[in-house]
Every structure is written in C-alpha cells, then in structure tokens.
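Asker: Before I ask anything, let me first share the structure, which is written out below as structure tokens.
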Amino acid sequence: MIREQGDRCVIFDLGDRIDADTGLKCLSLAQRLRLAKLSGVTDVIPSFITVAIQFEPHPDHQDNPSAYFERAAQAFLDQPLDQSLVESRIIDIPVCYDTEYGVDLEFVAQTAQCSVAEVIRQHTESLSRVFMIGFAPGQPYIGIHGDYLDIPRRQTPRTAVPAGSVAIANRQTTVYPNLLPGGWHIIGMTPTSIFDINRAQPSLLEPGDQVRFVPISSERFNSIKNNKA
C-alpha cells in the first residue's frame with residue numbers, strides 16, 4: 001500500500017505489526033531504492049513497517065510521482081528478500097546495569113518474573129538490530145528481543161530522561177541521545193555518546209546496524225565517561 005504525505009513524500013506500508021521479518025524487508029527495500037538513485041529522490045527512510053521516500057518534482061515523474069515510485073518499489077518487492085543489502089556493521093555499546101543507572105531494572109525483573117541477572121542476560125546475550133531512527137535525532141529503535149522483554153511502556157512517562165539511558169519496552173531497546181521525555185523502562189546507562197552534532201557523522205547508529213550490549217561496572221562507566229570529557 002502506498003500513501004501520499006503532502007506533495008514531497010510517499011510512504012509504503014509493508015506490514016501492520018512490528019516483527020523482524022517485516023523490519024528486514026523495510027531495510028532491504030530502502031537500500032534497493034537508495035542504490036537505484038531514482039529521479040528526484042532526496043531521502044529514503046525505513047521504519048519497522050514502512051519506507052518513506054522524500055523527493056523533489058522531476059520530469060520523469062510525469063505529474064504522478066506516486067505511480068512512478070510505486071512501480072519502482074514493486075519491482076524490488078517482487079524480488080526475494082536480500083539481507084546482504086542491509087548494512088551489517090556490528091557496534092558494541094557498553095552499558096552499566098547497576099541500579100544507580102538502571103532505575104527500572106528491578107521492576108522489569110519483577111514484571112518478567114525472573115531475576116535481575118536474567119534480564120541482563122536476555123538483553124546482552126545476542127546481537128540486536130537497529131530498525132529505525134526517530135523521535136529525536138540519533139535515537140535508535142533496536143530489537144526485536146525475546147519474550148522476557150515484552151513489557152509495555154510506563155503508564156506515566158518521565159518528563160526528563162538523562163542522555164545515555166538504555167531503556168526497553170515492547171521487546172525493543174532505545175538509547176536516549178539527549179535529555180528527553182520518555183516512557184520506556186530504564187535498565188541501564190551507556191557512557192557512549194549516541195548523538196553528537198560535532199562529529200562528521202553525528203548519529204552513532206544507523207538503520208541496519210547490529211548492536212551488542214556489553215555489561216560494564218560502574219568503575220568502568222566512570223572511566224569511559226571521564227576520558228571522553
């Protein structure tokens with residue numbers, strides 16, 4: 001399904017629920033569209049279930065850009081899913097899971113009916129995929145975790161979540177790039193800067209990346225934080 005969003009954007013709906021297969025399909029389609037270098041395209045933005053194409057009008061569109069992009073996208077969707085097109089950088093993110101930083105960690109363990117150690121193990125035992133960047137510049141949506149981490153968002157969001165907070169909800173993880181409001185459960189904090197406007201590439205993570213969360217002590221957290229300052 002294709003939807004027009006104003007006169008400079010079209011959105012392709014590839015599913016109606018968040019799952020790994022649909023997310024990978026979105027990432028693959030987005031990369032194919034980028035590589036095709038279609039006329040007028042200024043950006044291609046994947047999410048868990050959609051791919052958005054932003055564009056400037058071009059003669060090739062023949063006054064009907066939606067049909068132009070729909071034909072191009074459908075040609076790619078008719079091909080088998082090619083996961084090799086999805087960026088496969090593996091990025092380690094150190095996380096201190098001490099309750100000083102993971103203020104919701106015990107609540108998550110109680111809700112999941114397991115130990116704190118088991119929550120940490122579930123969160124760190126395997127690679128997770130960055131499926132989209134959103135809400136704030138550089139803020140990743142990472143998943144999809146196992147059932148232990150299938151916990152709804154907080155009923156009352158916090159008005160201020162510190163930068164670097166690592167939080168989970170609905171089998172996903174996000175890392176807050178700056179001081180922001182947020183309704184996810186904070187299970188730890190990273191000393192790594194997720195978004196820095198002064199870097200050549202401000203966002204540390206991009207859709208398609210794989211993330212390995214690495215447990216660290218509070219001493220190691222402070223050491224990394226101090227050396228970065």
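Asker: For segment 123-171 and segment 31-63, what is the centre-to-centre distance using only Cα atoms, to the nearest Å?
Answerer: 28
Asker: To continue, here is another question. Strictly greater than 23 Å: what percent of every Cα pair in segment 1-127 meets that? Don't skip to the end; give the middle numbers.
Answerer: Details: 3907 of 8001 pairs.
Summing the P(r) tail past 23 Å for segment 1-127 gives 49 percent.
Asker: Going out from 0 in 10 Å bins, what whole percent of all Cα-Cα distances in segment 54-132 drops into each bin?
Answerer: 13, 25, 20, 16, 18, 8, 0
Asker: I've got another one for you. Projecting each Cα onto the charge dipole of the chain (Lys/Arg +1, Asp/Glu -1 at the beta carbon, about the Cα centre), which of His145, Ile90, Ala30 comes out farthest on the positive side?
Answerer: So the residue we want is Ile90.
Asker: Between (i) 19.2, 61; (ii) 19.8, 77; (iii) 18.0, 54, which entry matches Rg and Dmax of the Cα atoms in Å as derived from the coordinates of this structure?
Answerer: The value computed from this structure is option (i).
Asker: What nm value, rounded to one decimal, do you get for the distance between Ile2 and Arg34 when each label is placed 7 Å out toward the C-beta?
Answerer: Using points 7 Å along Cα→Cβ, the separation is 2.1 nm.
Asker: Here is a further query. Kindly provide the trypsin sites (Lys or Arg not before Pro) of segment 12-89 that DSSP labels as loop, not H, G, I, E or B, and whose Cβ sees at most 14 other Cβ atoms within 10 Å. Don't skip to the end; give the middle numbers.
Answerer: Details: sites: Arg17, Lys25, Arg32, Arg34, Lys37, Arg71, Arg89; in loops: Arg17, Lys37, Arg89.
Listed in order of number, the matching sites are Arg17, Lys37, Arg89.
Asker: Report the extension gain between Asp19 and Thr124 in nm, rounded to one decimal, defined as 0.36 nm multiplied by the number of residues separating them, less their alpha carbon distance. Could you put the intermediate results ahead of the total?
Answerer: On the way: separation 105, 0.36 × 105 = 37.80 nm, distance 1.94 nm.
Residue separation times 0.36 nm, minus the Cα-Cα distance, leaves 35.9 nm.
Asker: Once you keep just the Cα pairs under 8 angstrom separated by 6 or more residues, what percentage relative contact order results for the chain?
Answerer: 20
Asker: How much length is gained on full extension from Gln110 to Lys225, taking 0.36 nm per residue of separation minus their Cα-Cα distance? Display every interim value, and only then the final one.
Answerer: Details: separation 115, 0.36 × 115 = 41.40 nm, distance 3.02 nm.
Full extension of this stretch gives 38.4 nm more.
Asker: Residues of segment 86-105 with amide nitrogen under 15 Å from the 7 Å Cα-to-Cβ point of Arg154?
Answerer: 100-105
Asker: While we're here: For a Förster distance of 45 Å, can you work out the FRET efficiency between the beta-carbons of Cys9 and Glu100, rounded to the nearest 0.05?
Answerer: On the way: r = 43 Å, r/R0 = 0.96.
According to the calculation, E is roughly 0.55.
Every number in this text was worked out from the coordinates using simple rules, so none of it is lab data. Treat the numbers as computed from the prediction; the structure is a model and nothing was measured. Glycine also receives a Cβ, built like all others from the backbone with ideal geometry; neighbour counts cover every protein chain displayed.
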